Amino acid sequence: MNIFRRLFKIGQSEANSAIDKMEDPIKMTEQGIRDMKIDLEKSLESLAQVKALAIRSTTEINELTAKAEDYQQKAMLILKKTQKKELDSQEADRLAKEALVKKEETIEEITALQSNSEKYKNSVATLEGNVQEIKNNISKWESELKTLKARVKVSKATQNLSKQMAELDSGSTVSMLERMKDKVNQEEALAEAYGDLANASKSIDDELRNAINEKESSAEEDLAKLKKQLGINSKEE
């Protein structure tokens, strides 16, 4: 049983690793932002609905409060008519009681609406907090998405440069430079060899001629020095 569990965990980890390799962080972030914007729309819709209920309940409370006050005023007017002998006391009491009963019923409705109104207000506050949090998260994720895209560009550029440098170091460029160096060395050695052969091919006659020319040149120089010592000018001669 433990073996099967281990095999399952190994398979699960390999599957997760494959999924991690397939996942694109930029696409995942963009999808997350789209999902949050959908959540934001739903939250705004819910917020609008709850706010509408809160506004409606407040309006109804105000209307019922005015209605309760109206029943109170009617009961007082009826009793005043009894004092003025304008209305039978028994009938006035009956009508005044009916007005006061209506007033109490209205107050009960107001109490129930006030309870619901408080719930609506609390829901509005909660939804407003959720909306603000979603907005902040969207703004944060959009900023992180820009940073992530910039990092991906730099990473790709760095990878391409590193790849080029790796190919340059280990590829044909370096070996080509080495071959060029060897070729230049060979050319220089060959030129030196040809120079040696050219010097070796000179004839003995050339060597004698050079030696004689050197002696004649030396004799001419000695004659000029001797004439100078004797004060003999070549023009006077």
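Overview of values
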item: Charge context of residue 50, other residues only, Cβ under 12 angstrom, K/R +1, D/E -1; result: +2
item: Exceeding the 24 Å Cα-Cα cut-off - candidates 37/140; 51/146; 80/103; 74/119; result: 51/146; 74/119
item: Total formal charge among the other residues, if their Cβ is under 15 angstrom from that of residue 59, Lys/Arg +1 and Asp/Glu -1; result: +1
item: Under-5 Å amide H pairs with residue 87, H placed in peptide plane, nonlocal only; result: 82
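Read-outs throughout are calculated quantities, based only on the coordinates presented, and are distinct from any laboratory measurement. Predicted model, so just to flag it, every value in this text is computed and none were measured. With ideal geometry, Cβ positions are generated from the backbone for all residues, glycine too; neighbour counts draw on all protein chains shown.
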